[in-house]
Amino acid sequence: MGKTIYQMARKEVRGFKPYQAGKPIDELKRQRHLSDVIKLASNENAFGPSPLALKSAQKILRQINRYPDPGGYYLCKRIASHWRIPKSQVTLGNGTDELIELVAKAFLNPEDEIVISQHAFIRYRMAGELMGCKIKEVPMRSLTHDLGAFAKAITKRTKLCFVANPNNPTGTYVNAREVSRFMSSIPKDMVVVFDEAYTEYVTAKDYPNMIEYLRHGKRIVILRTLSKIYGLAGLRIGYALAPSSIVEIIDRIRPPFNTSIVAQAAACAALDDYAHIRKCSKLNRQGMKYLEGEFHKLGLETVPSQCNFILVKFGPRAARINEELLSRGIIVRPLPDYGLDEYLRITIGKPEENRRLVRALKGGYC
């Protein structure tokens, strides 16, 4: 008897645990027979995309019978101009998830190591697992990356480090001084991936400017997304900034049509709508202040966040409270996969959504 399909699969795939995304609104409606559901689970921009992006997307729909530009020439040019770097240092991804996986596929062998942080975005671990390499997980300090411990964990076999800054799901960040010490202490023959998906929400004055490291020739990959503050999560588009030599390697394996014609057009317009970004940032800060205040009134511990979500400690009741909220049509994010069983991650929503969440929590479930 021949091998089963399962036996034919790569051993890394056989033991691979799929990513568990936040529950979709329509799924909860079907499951619980609800008509009014709000989602505060996936860190989407509750205030929607830029009007300029919508207009550009609608206009390009007439051309969806054509394949997109495989290299995303105009979008890459726009990004390069914004950061004042060569266009050869930009590449596009179907969201940063794809870019994380592409970096892993491009550089990792089974004998290599990657260094990641405890409670960091789970896709880094998954990328290492997919390539069958060794994964070294560094404990956090106060739910924040410990870059000193990162540096100590690096060996001759370490090829990649992944640093989410600010971090998902904790919302914490490492400052410019910590990053400077780290970058000066690591070997030159490795690559550090800085995932800055939430950087547009950051208000901290000591947040590092990673573009300067790129300009000085450091072997880094900076990941950015248009899924968060830009409000284009449904179009799946992100980009990487890296030395031209790294971009050239990634582009060798990047699917030629990995970003759609609609996504490219909408992204170009969204990047130019500074007023929309300022508005969304302001509304996020207001929502954050309101929710933090209400959580503290309820006696709940929160983690200081530089993102558009808050990590809230509910203790042993977290799973039960999550179920109660689901029954009331409110989706938040439980975090057992991150080793944060006693926490729920809550996205900042519209004012009325935030108030609805608080009313539900005040209903006796805390």
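The values are calculated or read from the model by the stated rules, or taken from the named source; none is laboratory data. Because the structure is predicted, anything quoted here is derived from the model rather than measured. In this analysis, Cβ positions are derived from the backbone assuming ideal geometry, glycine residues included, and neighbour counts consider all displayed protein chains.
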Of all residues making up region 211-247, the number that are touching a residue at least 12 places away in the same chain (Cβ under 8 Å) and over 19 Å from the mean Cα position of the chain (by Cα): 10
Would you pick out the residues in region 39-71 that are in a loop (DSSP other than H, G, I, E, B), farther than 29 Å from residue 27 by Cβ and not polar (S, T, N, Q)? 66, 67, 68, 69, 70, 71
May I ask you to say which residue of 188, 152, 134 is at pLDDT below 95 and in the same structural domain as residue 121 (by TED's automatic domain parsing)? 188
Of the criteria (1) more than 21 Å from the chain's Cα centre (by Cα); (2) among the basic types (Lys, Arg); (3) outside any helix (DSSP H, G or I), which one residue 317 fails: (3)
Considering 79, 64, which residue is closer than 23 Å to residue 279 by Cα and outside the structural domain of residue 349 (by TED's automatic domain parsing)? 79
Quick check: is even one residue across region 165-176 outside any loop (DSSP other than H, G, I, E, B) and surrounded by fewer than 20 Cβ atoms within 10 Å (Cβ to Cβ)? yes
Note on residue 116: of the conditions (1) in contact with a strand residue (DSSP E or B) (Cβ under 8 Å, 6 or more places away or on another chain); (2) part of a helix (DSSP H, G or I), unmet is (2)
With the condition kept exactly as written, say whether any residue in region 224-235 is assigned to a strand (DSSP E or B) and among the aromatic types (Phe, Trp, Tyr). no
On the basis of being over 19 Å from the mean Cα position of the chain (by Cα), within 25 Å of residue 97 (Cβ to Cβ) and in a loop (DSSP other than H, G, I, E, B), does residue 156 make the cut? no
Residue count, region 242-273 (criterion: basic (Lys, Arg) and part of a loop (DSSP other than H, G, I, E, B)): 1
Qualifying positions in region 4-30 - among the aromatic types (Phe, Trp, Tyr) and exposed (fewer than 11 other Cβ atoms within 10 Å of the Cβ): 6, 19
Counted residues in region 182-213 being over 28 Å from residue 42 (Cα atoms) and either out of contact with any helix residue (DSSP H, G or I) (no Cβ under 7 Å at 6 or more places or on another chain) or in a loop (DSSP other than H, G, I, E, B) (or both) come to 7
Kindly evaluate residue 118 against the criterion of being more than 22 Å from the chain's Cα centre (by Cα) and either of a type in the set (S, T, N, Q) or at pLDDT below 95 (or both). no
Taking region 335-348 and keeping only residues that are in contact with a strand residue (DSSP E or B) (Cβ under 7 Å, 6 or more places away or on another chain) and surrounded by fewer than 22 Cβ atoms within 10 Å (Cβ to Cβ), one is left with 335, 342
Say we look at region 320-352 and pick out the residues that are without any contact (Cβ under 8 Å) to a residue 24 or more places away in the chain and assigned to a helix (DSSP H, G or I); which of these is farthest from residue 43 (Cα to Cα)? 323
I'm checking my understanding of the structure. Among residues of region 155-183 that are free of Cβ contacts under 8 Å to residues at least 60 places away in the same chain and among the β-branched types (Val, Ile, Thr), which one is nearest to residue 120 (Cα to Cα)? 163
Please specify each residue of region 3-31 satisfying the condition of being over 26 Å from the mean Cα position of the chain (by Cα), of a type in the set (A, V, I, L, M, F, W, C) and not in a loop (DSSP other than H, G, I, E, B). 5, 8
Every residue in region 77-98 that is over 17 Å from the mean Cα position of the chain (by Cα) and surrounded by fewer than 21 Cβ atoms within 10 Å (Cβ to Cβ), please. 77, 78, 80, 81, 82, 83, 84, 85, 86, 87, 88
